[in-house]
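Worksheet for the structure shown next.
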Amino acid sequence: MTIRVAVLGLGSVGKGVLEMIARKDLGIIVTGVADSKSGLIDPSGLEIGAVLSSKKTGLCGNPSISANDVVSRADYDILVEVTPTNAGNGEPALSYMKHAIERGKHIVTSNKGPISLHLKELKDLAGKKGVLVRYEATVGGAIPIMHTLGNGLAGNEFQALYGVLNGTCNYILTRMAAEGLTYDQALAEARELGYAEADPTYDVKGIDAAIKLVILANTIWDNGASLDRVDITGIDLLTTDALRLAEEKDCTIRLIAEAFPGRGVLRVSPRIIRKDHPLVFEGTLNAITLETDMAGEITLIGKGAGSVETASAIIGDILFISSHVRCN
Amino acid sequence: MPFYVSSGALVQVSMKLEMKDSPGQLVSALQPISEVGGNIIAVIHQRDLSSREDTLGVQIVLEITESRLTELVSMIKARGVNILRIGKDRLLYKQTVIMIGHLMHTDLSDTVDRIDCTGFAEVTALDLAMPAINEPSSARLIIKSVSKQDMDSALDILREVAKTKKLLIIEPLEGELV
């Protein structure tokens, strides 16, 4: 069976998804694509190589076809929504998703904005239309946390979760500890290596990690968690001395997202942590520890970002849908 | 619980006990404390305290009339419990926190005093790193307290002080002691 997808957004994630679909024989065809200024629709399947090479020189397709046109007119089973995150109101991704759901299409997304703000609304709407909303790629990059929560650990009660949800911060703290760099030096290095954005505010202030924490908390406990209820402290005020003082005691400092619903804790902050703790590792990896009643404590570690790594999560969701529901 | 009051001063004592890791052992080991009119203040399981796998290590803090301490020790030993240590080191809970900010300008000794003056918790070590003038300094504090509740209260005080003095406090993970 062939699964038809429409891909919105041709940034790093979108390109990675298209490349992997083209390279691997997964039974997925792309019947629509759109970037912010153009689009293409072909019910029999687009030639992905051509789309990617025209994107290299500018637009991916025809300027007279918009993302909205692709959402509302293309023939597809699954909308792959990988446009940039708008943490303020989730738009325009939220509207694209709702429109696609109304048309009876499944959603696979990496977009943290709409999922952190409107998960319940999207799930309710999808439930009415008999389609699925999957968002593995919103948290932890390649780590299959949502599959683990929804399938592998199904039936467990979750007492707590905590983890390293932002690779940029983990990289900066690793470098401050290992080399005695100042925060500014480590940030500059992260930028040079492409680990930090030109405007690193979302990462270093802990907002990105907090948005992911909200998504995880709502997925696990359906408790109406929202960004404004997360107690957030970033890493931008940390000193090299503070890292050294921690290291002298066989500890270090990491930006940790923590949710302990029983204690009313929903927090992202730098914490002192023993160096032999599973959440202490170097570089840009992410990790999530779950405390459960049956399985005990489980920690997943993996690559938290990257084009192909995120594509892994997206493709996992696409194939999950195709194996669990009949795509028309 | 019978509460025995005799003449003589009340003292707080800590004991490290080692016993068989089998059901009922801990209850049995603690029973003599109430029999001599002592008060248990804290019981802390310490896995790393036990030397062998089949033993359980426990730290306890209790309040007792000084004159009955010898009697208590023999009663506990009579139950086959090994007393590794007895001391007046009553502050068994230890927590490390790091503070960042203008620590000297915001009166560091006052910050420390707010914990020390509680009577149930103390700052027992302080390491301070001061870079250039006007740059934020960093300090590592070790706070000790009698019980977990006291530690929580001490940290609440410290968080409140930090808020008013605009200091950043870095604590261990939720529920962990380092």
Expected sort for A:E192, A:E197 with the fewest Cβ neighbours (10 Å cutoff) up front is A:E192, A:E197
Can you work out the FRET efficiency for the pair B:K77 and A:E282, with r the C-beta to C-beta distance and R0 = 41 Å, to the nearest 0.05? 0.25
Quote the Stokes-Einstein diffusion coefficient, in whole µm² s⁻¹, for region B:10-87, based on the Kirkwood radius over alpha carbon pairs, a temperature of 10 °C and a viscosity of 1.306 mPa s. 128
Modelled FRET efficiency - R0 25 Å, A:E91 with A:L59, Cβ distances, 0.05 increments: 0.70
For region A:86-149, just the Cα atoms, rotate onto the principal axes and tell me the three extents in Å, largest first. 30, 26, 15
Which percent, nearest 5, of DSSP beta bridges in the protein assembly as shown are antiparallel? 80
Rounding to the nearest 10 and keeping the result within 0 to 90°, find how far the Cα-based axis of helix A:93-102 lies from the longest principal axis of chain A. 50
What is the Cα centroid distance between region A:109-182 and region A:53-105, reported in whole angstrom? 22
On a 0 to 90° scale, report how tilted helix A:207-221 is relative to the longest principal axis of chain A, with both axes built from alpha carbons and the result rounded to the nearest 10. 70
Pull up the cross-link candidates among the aspartates and glutamates for A:K205, meaning alpha carbon to alpha carbon under 16 Å and not fewer than 8 places away within one chain. A:D184, A:E197, A:D228, A:D231, A:D236, A:E258
Where does region A:1-46 land on the Kirkwood hydrodynamic radius, alpha-carbon pairs, in angstrom? 10.7
Which ³J(HN,Hα) values in Hz, rounded to whole numbers, follow from the phi angles of region A:302-311 under the Karplus curve 6.51 cos²θ - 1.76 cosθ + 1.60, where θ = phi - 60° and Gly and Pro get x? x, 6, x, 7, x, 5, 6, 4, 5, 4
Model label zone, B:H102; criterion: amide N under 15 Å from point 7 Å along Cα-to-beta-carbon; scope region B:134-153: B:134-138
Measuring from the longest principal axis of the C-alpha atoms of chain A, the long axis of helix A:183-192 (C-alpha) lies at a number of degrees, nearest 10, equal to 30
Given labels modelled 7 Å from the Cα in the Cβ direction, how far is it in nm from A:D228 to B:E176? 3.2
Could you give the nm distance between label points at A:W221 and A:S72, where each point is 7 Å from its Cα heading toward the beta carbon? 4.0
How shielded is A:234-244 by partner chains, expressed as the average number of their Cβ atoms within 10 Å of its Cβ atoms? 5
What does the average come to when, for each residue of peptide B:123-130, you count the partner chain Cβ atoms lying within 10 Å of its Cβ? 2
Cα centroids of region A:233-272 and region B:106-178: how far apart, whole angstrom? 15
Shielding by partners for B:166-178, please: the mean number of other protein chain Cβ atoms within 10 Å of each residue's Cβ. 6
Looking at region B:73-175, which trypsin sites (Lys or Arg not before Pro) are in a loop (DSSP not H, G, I, E or B) and have at most 12 other Cβ atoms within 10 Å? B:K88, B:K166
Taking other Cβ within 10 Å of each residue's Cβ, how do A:C251, A:C60, B:C117, A:C169 sort, fewest first? B:C117, A:C251, A:C60, A:C169
Looking only at region A:114-152, which residues have a backbone nitrogen under 13 Å from a spot 7 Å from the Cα of A:I298 in the C-beta direction? A:144-152
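Read the figures in this text as sums done on the coordinates, not as results from a lab. No experiment lies behind these values; they were computed from the predicted model shown. Neighbour counts are summed over all protein chains in view; Cβ atoms, including those assigned to glycine, are modelled from backbone coordinates with ideal geometry.
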